[in-house]
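Below you'll find the structure, written out as structure tokens, and then a few comments.
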Amino acid sequence: MPTIAARPYDFAFPARGLGLIVIDMQRDFLEPGGFGEALGNDIGHLAGAIAPARRLLAAFRARKLPVIHTREAHLPDLSDCPPAKRQRGRGSLHIGDAGPLGRILVDGEPGSAIVPELAPLPDELVIRKPGKGAFHATSLGRILPQLGISHLVFAGVTTEVCVQTTMREANDRGYECLLAEDATASYFPAFKLAAVEMLVAQDGIVGWAAPVEAIETALGAL
Ligand code: TIU
């Protein structure tokens, strides 16, 4: 089997069973006026993940390996947003309120779109999700077996919220998971570092981590 040089040890994968999942690289998290900023975060910490994620997309597309994008966004009537989630926080803008990028975290609004640099291709799956984990209340659990995916590379934001939650959900469902370290980011750099260490600790209790360059090298050799 091909391998990716990773921590805590090499990540072996079947050439046709590998998929990429890019989590929530949306304007709502990365741009001024969106959900992330409404929560009081410094969005500047996330921009650095865009270029590495773009390289990952190029590597997977070049090998015709499956790519899945997710978007955290609620239905316009907020029927899939638990009141606890809508009410959380003490800022002036909550989910569903009108902000500079349209209604905060609502499907179809400008803020819910994926940033243009990472725009999905027409044949790539885009999964809208109401939760932090991409398996909760979505079709992802049915789609992955249909695509023959057993091994997943993770990118996206934020590392310790939606990325970590989804990687843990995938791990519990039997997928082998690798986090692309430089293609993920957090509003809190220390949380990103801690999350990566938590995932790979105990000889890969949740999975593996590797830089994009190592993933490019392995895919380039297929
Ligand atoms: N707030 C935060 O760090 N993240 C989220 O609310 N969602 C995702 O991580 N996508």
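Details
- The relative contact order of the chain, computed from alpha carbon pairs under 8 Å that lie at least 6 residues apart in sequence, is 29 percent.
- Rg to Rh quotient for the stretch 16-220, alpha carbon positions, Kirkwood Rh: 0.95
- Alpha-carbon centroids, the stretch 158-209 and the stretch 1-80: separation in whole Å: 12
- Amide H to amide H distances under 5 Å link ALA183 with VAL212, where only residues 5 or more positions off or on other chains count and H is placed in the peptide plane.
- Comparing THR138, THR159, THR70 in a Gaussian network model of the chain, where Cα atoms under 10 Å apart are tied by springs, the biggest mean-square fluctuation is seen for THR138.
- Charging the Cβ of each Asp and Glu at -1 and of each Lys and Arg at +1, and nothing else, the dipole of the chain about its Cα centre rounds to 360 debye.
- Highest-fluctuation residue, CYS81, CYS177, CYS162 considered, GNM on the chain with Cα pairs under 10 Å: CYS81
- At a probe radius of 1.4 angstrom, the accessible area of the chain per residue rounds to 43 square angstrom.
- Averaged over residues, the count of other Cβ atoms within 10 Å places the peptides 193-199, 119-125 in the sequence 193-199, 119-125, highest first.
- Applying both filters, DSSP loop and at most 15 other Cβ atoms within 10 Å, to the trypsin sites (Lys or Arg not before Pro) of the stretch 103-186 gives ARG173.
- Residue pairs, from the table LYS64/LYS132; LYS132/LYS192; LYS64/LYS192, whose Cα atoms sit over 21 Å apart: LYS64/LYS132; LYS64/LYS192
- Packing rank of 95-102, 19-26, 210-217, where each peptide gets the mean count of other beta carbons within 10 Å, highest leading: 19-26, 210-217, 95-102
- ³J(HN,Hα), Karplus 6.51/-1.76/1.60, whole Hz, each residue of the stretch 184-195, x for Gly, Pro: 10, 7, 10, 5, 10, x, 5, 5, 4, 4, 5, 4
- Rounded if a/c under 1.5, otherwise prolate or oblate - the stretch 9-99, Cα gyration tensor axes: prolate
- Whole-percent carbon and sulfur share, accessible surface of the chain, 1.4 Å: 56
The values are calculated or read from the model by the stated rules, or taken from the named source; none is laboratory data. Predicted, not measured: the structure shown is a model, and the values here were computed from it. All Cβ positions, even for glycine, are placed from backbone atoms using ideal geometry, and neighbour counts span all protein chains on display. To get the accessible areas, we keep the full protein, side chains included, count just its heavy atoms, and leave off ligands, DNA and RNA. Shrake-Rupley method; radii C 1.70, N 1.55, O 1.52, S 1.80 Å.
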